[in-house]
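Asks: Quick one: the structure is below, questions incoming.
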Amino acid sequence: MTSTASSSAPTVQPGSFLTLHYRLAGPSGDVINTFGDKPATLSLGAGELSPAMEQRLIGLPEGTRTTFELPAGEAFGDRNPEMQQWVAGRLLAELGDPDERYAMGDVVQFPTPDGTGSYAGVVLEVREDGAVRFDFNHPLAGQPVTFEVQLIGVL
């Protein structure tokens, strides 16, 4: 389903500031869906969406609602086995709560080295010595992705 606004509506360009609803889904269902909540705001080119998704937005007029089907690996790259890494229990204790217990499937936030942001890892395995194997791949890496968008505002 695609609906578009009039030809006089502003269109998405590189660097545009957008107000939009969007949904990202993989074969297992939604990963992000803002349609039932407040819309998102973002600047195109700031890295908030993958380059493949941003490219699909370029040229769309304000008011458009459409869905894109991205083939496996295009939205977030292929799964990289090197992104699965063991983290020592002592390091986990330093970075967070030393009494934290991890279970398979838990999502854990880690600070970036410069301390200005964070990234997430999913627990794959926990050893008796407290070490934890995390998967730092994006949850949709290597999977086909449905990207639904409704452009509310384009500046």
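Asks: For residues in the stretch 118-145 being within 17 Å of GLU94 (Cα to Cα) and not in a strand (DSSP E or B), which is farthest from the chain's Cα centre (by Cα)?
Replies: ASP129
Asks: To continue, here is another question. What is the number of the single condition among (1) more than 27 Å from VAL132 (Cβ to Cβ); (2) surrounded by fewer than 12 Cβ atoms within 10 Å (Cβ to Cβ); (3) without any contact (Cβ under 8 Å) to a residue 12 or more places away in the chain that GLU48 does not meet?
Replies: (2)
Asks: Filter the stretch 118-134 down to residues that are surrounded by 15 or more Cβ atoms within 10 Å (Cβ to Cβ) and among the aromatic types (Phe, Trp, Tyr), then give me how many there are.
Replies: Total satisfying the criteria: 1.
Asks: Tell me yes or no: at least one residue of the stretch 30-38 is surrounded by 13 or more Cβ atoms within 10 Å (Cβ to Cβ) and under 30 Å from ARG127 (Cα atoms).
Replies: yes
Asks: Oh, and also: Out of the stretch 46-71, which residues are under 16 Å from ALA25 (Cβ atoms), out of contact with any Asp or Glu (no Cβ under 8 Å at 6 or more places or on another chain), not hydroxyl-bearing (Ser, Thr, Tyr) and not in a strand (DSSP E or B)?
Replies: Matches in the stretch 46-71: LEU49, MET53, ARG56, PRO71.
Asks: Evaluate the following for GLU74: is it within 30 Å of PRO14 (Cα to Cα), touching a helix residue (DSSP H, G or I) at 6+ places or on another chain (Cβ under 9 Å), open to solvent by 70 Å² or more (accessible area, probe 1.4 Å) and not basic (Lys, Arg)?
Replies: So GLU74 fits the description; yes.
Asks: Just give me the residues in the stretch 11-45 being without any contact (Cβ under 8 Å) to a residue 60 or more places away in the chain, among the hydrophobic types (A, V, I, L, M, F, W, C) and not in a strand (DSSP E or B), in sequence order.
Replies: LEU44
Asks: Give the residues of the stretch 56-71 that are free of Cβ contacts under 8 Å to residues at least 60 places away in the same chain and either surrounded by 14 or more Cβ atoms within 10 Å (Cβ to Cβ) or of a type in the set (Phe, Trp, Tyr) (or both), sorted by residue number.
Replies: Passing the criteria: none in range.
Asks: Name, by its number, the condition in (1) touching a residue at least 12 places away in the same chain (Cβ under 8 Å); (2) part of a strand (DSSP E or B); (3) more than 25 Å from ALA72 (Cα to Cα); (4) of a type outside the set (A, V, I, L, M) that does not hold for GLU148.
Replies: Answer for GLU148: the failing condition is (3).
The values are calculated or read from the model by the stated rules, or taken from the named source; none is laboratory data. Quantities reported herein were computed from a predicted structural model and do not represent experimental measurements. We place every Cβ from the backbone using ideal geometry, glycine too, and count neighbours over all the protein chains shown. When the accessible area is computed, the model is the full protein with side chains, heavy atoms only, and any ligands, DNA or RNA have been set aside. Shrake-Rupley method; radii C 1.70, N 1.55, O 1.52, S 1.80 Å.
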